[in-house]
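This report refers to the structure that appears directly beneath it.
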Amino acid sequence: VSRELVLPILAAVVLVAVLLIAYTWQMLALMALTYIALIPFGIRSYAAPEARMGRPLGPHAQARRGAGGLAAAPSLPGNRSVSLLHHVKEHALALRGLWAPEASRGGGSAGGRCRKRVRLAGAPVAASEGLHSTLFQPRWALRS
Amino acid sequence: MSGYFTGVPAPAGAGLALAPFYLGFLGIIPDGRAAAPVILVYIALVAVAMVSRIPTFPARPSASG
């Protein structure tokens, strides 16, 4: 905080304290309502730079990268050409705690396609990517 | 998520949870029994906001968590 801002901040703090003492319930209600009103702006200001810079790597994307590059390039996050269906499938598998590579890799079965499913030991069950899927996820669900 | 709190902090959550009391003291919520279901849902939403990863404005700059 610069020296020029010390006095205005101090004055604001004193003013809020005096108003809290004089109009306690009005001020507390006003502060609570102000906080609720500011929540959408916080989400928006967080979402804007994230959209510009691309999505951060989610837990199962990081695990996939560490799995020896089994996944193909189109599934990398941030690639806008990835189809929506691909992401839906990826999220559905991640939510089940399973992860299937794009197609059969090495070896086939009588049915033609042998889908190899790898259980990710380090990946949480509710692994997800992107703003919408992580915003409303409890903190404890993302802890590793 | 630097520069933001992740989820509603506990002190702010406490203030939000008590907001129906403040409004009741001011007479904006006259009958507690009639408003109880609404307040119940409101408290649940505040609880969800506290454990969620919603980015909220921090009380101090460059703080998170």
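The values are calculated or read from the model by the stated rules, or taken from the named source; none is laboratory data. Remember, it's a predicted structure, so these values are computed and weren't measured experimentally. Quick reminder, even Gly has a Cβ in these numbers, built from the backbone with ideal geometry, and neighbours come from all protein chains shown. Ligands, DNA and RNA are excluded from the accessible area calculation, which covers all protein heavy atoms including side chains. Shrake-Rupley method; radii C 1.70, N 1.55, O 1.52, S 1.80 Å.
Overview of values
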read-out: Checking B:Pro30 against (1) buried (at least 18 other Cβ atoms within 10 Å of the Cβ); (2) assigned to a loop (DSSP other than H, G, I, E, B), the condition it does not meet; value: (1)
read-out: Count - residues of the range B:1-13 that are open to solvent by less than 50 Å² (accessible area, probe 1.4 Å) and part of a helix (DSSP H, G or I); value: 2
read-out: Unmet criterion (only one of (1) over 20 Å from A:Ala47 (Cα atoms); (2) modelled with pLDDT of 85 or more; (3) in contact with a helix residue (DSSP H, G or I) (Cβ under 9 Å, 6 or more places away or on another chain); (4) not β-branched (Val, Ile, Thr)) for B:Gly32; value: (2)
read-out: Any hit, the range B:9-23, residues being in contact (Cβ under 8 Å) with a residue 60 or more places away in the chain and either of a type in the set (Val, Ile, Thr) or facing another protein chain (nearest Cβ under 10 Å) (or both); value: no
